[in-house]
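To keep things clear, I will list the structure first and then write my remarks on it.
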Amino acid sequence: MIFNSYLYIDTARLRANIGSIIASLPSGTELIPVLKCNAYGFGVSTVARIMEDFPAVHTIALAQVSEGIELRREGISKGILITGAAATEAQRIAAIENSLILTAYSAGFIRALADTARRLGKTAEVHIKINTGLNRLGFCAGNELTEGIAALKECSDVLRVTGCFSHFTEMEKPDETETQKQFSDFMSAVEQLKAAGIDPGLRHICASAGYEFHPEMALDAVRLGRRLYYDNPVRPDGGIQEAASWRAVITDVQLRKAGQKLGYGAGYPLNKDTKVAMLGVGYGDGLFNRVVDAGAPVLVNGKRAQLITCCMDQCFLDVSGIDCAPGDEATLFGYDSDGNLLPAQEIASLMNDEACTLTAALGPRVARIYE
């Protein structure tokens, strides 16, 4: 292999995760897999093609129009929901021409989208975004949504509403009172739409943690990203296997003396004689400095080495007491080739985050290998 490192993706485990999720859903609830940011680093085209094999999956969610265009060019035929804004005319044209479902988040956007659709002589499909506290995009129930409803009625000749959705503000460490309030606000907006004669279509508010903590709030669909690859880091409930492993090879091994410094600038000073191994990956590949600064473990020949410091393209490991040599495998998270596991959730917890953040950060220099 010509790449310095690779993300090994076990597609059998991924398929098993998808099947487990679908089997767990309440009757009448759909899975909307969220494949934004290159499917959290797993490779959007490959993961989307896997989704094509699941008849129960009707719609894929992405964040940007450009992501949707990429999937259409790859021949993906399922519905594609763009949950972010299509703020430019070029984005709206491309979305309509490629049958992407756009997010209706303001009266101004609704009218602009309708103008574009009329010029193209086509109909645009939208899901209405409700703001329940995240305060990004969307209508608050009440006067704001009333304005949106008026715009939707004005533009009903070219706009088709097929869903409405929101997003909880914090679910990994949920505040039950706040969660209930946000859910109630969303359902109030749904009732407001119905009262105005607008069918809200597919109702969805739960992302991964929302569904894990509150399956009773699943409604008509759940938008799951992290759960496709990783269980809940706070309260795992089973059925999900880690599906990715980041592996590299040791490029050099040296004995460094106490007092020597490693890396850029003033460097990292060694307080003892240390057996140091080098890997040809660094923050330019997506290795978080916060993970390195926390002294995260790395699997080397089944044993845990420790990250010391890193540069853009290389990092340093303390491999004292570990028998290793250049060319040996190092696993930064996931399974090594012998089946030993270094959980990505453990590594992510060192920076108070979840595992899909690690894979989403991996750049194009990290090859994706599928099996």
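The values are calculated or read from the model by the stated rules, or taken from the named source; none is laboratory data. Values in this document were obtained by computation on a predicted structure and should not be read as measured data. Virtual Cβ from ideal backbone geometry, glycine too; neighbours counted across all protein chains shown.
The set of residues in segment 36-93 being under 21 Å from THR116 (Cα atoms), part of a loop (DSSP other than H, G, I, E, B), touching a residue at least 24 places away in the same chain (Cβ under 8 Å) and of a type outside the set (A, V, I, L, M) consists of GLN64, THR83, GLY84. Residues in segment 317-356 that are of a type in the set (Gly, Ala, Ser), farther than 23 Å from MET278 by Cβ and surrounded by fewer than 22 Cβ atoms within 10 Å (Cβ to Cβ): GLY339, SER349.
Does segment 320-331 contain any residue that is under 19 Å from the mean Cα position of the chain (by Cα) and not charged (D, E, K, R)? Among the residues of segment 320-331, not one is under 19 Å from the mean Cα position of the chain (by Cα) and not charged (D, E, K, R), which makes the answer no. Out of PHE186, PHE168, one residue alone is in contact (Cβ under 8 Å) with a residue 12 or more places away in the chain, crowded, with 20+ Cβ neighbours inside 10 Å and out of contact with any helix residue (DSSP H, G or I) (no Cβ under 7 Å at 6 or more places or on another chain). It is PHE186.
Against the test of being farther than 21 Å from CYS140 by Cβ, surrounded by 16 or more Cβ atoms within 10 Å (Cβ to Cβ) and of a type in the set (S, T, N, Q), the options THR162, THR179 yield a single qualifying residue, THR162.
For segment 248-303, the tally of residues that are basic (Lys, Arg), in contact with a strand residue (DSSP E or B) (Cβ under 8 Å, 6 or more places away or on another chain) and either exposed (fewer than 13 other Cβ atoms within 10 Å of the Cβ) or modelled with pLDDT under 95 (or both) stands at 1.
The single residue among GLY133, GLY121 that is surrounded by fewer than 23 Cβ atoms within 10 Å (Cβ to Cβ) and under 24 Å from the mean Cα position of the chain (by Cα) turns out to be GLY133.
Among the residues of segment 128-157, none is identified as among the charged types (D, E, K, R), part of a loop (DSSP other than H, G, I, E, B) and under 16 Å from MET187 (Cα atoms).
Results for (1) assigned by TED's automatic domain parsing to the domain that holds PHE165; (2) within 30 Å of ALA248 (Cα to Cα); (3) surrounded by fewer than 23 Cβ atoms within 10 Å (Cβ to Cβ), shown as yes or no for each residue.
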{"residue": "ALA23", "(1), (2), (3)": "yes, no, yes"}
{"residue": "GLU30", "(1), (2), (3)": "yes, no, yes"}
{"residue": "LYS36", "(1), (2), (3)": "yes, yes, yes"}
{"residue": "ARG49", "(1), (2), (3)": "yes, yes, yes"}
{"residue": "PRO55", "(1), (2), (3)": "yes, no, yes"}
{"residue": "ILE60", "(1), (2), (3)": "yes, no, no"}
{"residue": "GLU74", "(1), (2), (3)": "yes, yes, yes"}
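Name every residue in segment 216-255 that is farther than 21 Å from HIS204 by Cβ, within 19 Å of the chain's Cα centre (by Cα), of a type in the set (A, V, I, L, M, F, W, C) and in a strand (DSSP E or B), in order of residue number. Listed by number, the residues that qualify are ALA244, TRP246. Of the residues ASP285, ASP353, ASP338, only one is outside any strand (DSSP E or B) and free of Cβ contacts under 8 Å to residues at least 24 places away in the same chain; which? Within the list ASP285, ASP353, ASP338, the selection yields ASP353. For ARG160, only one of the following conditions fails: (1) among the basic types (Lys, Arg); (2) part of a loop (DSSP other than H, G, I, E, B); (3) at pLDDT 95 or above. What is its number? Here ARG160 clears every test but (2).
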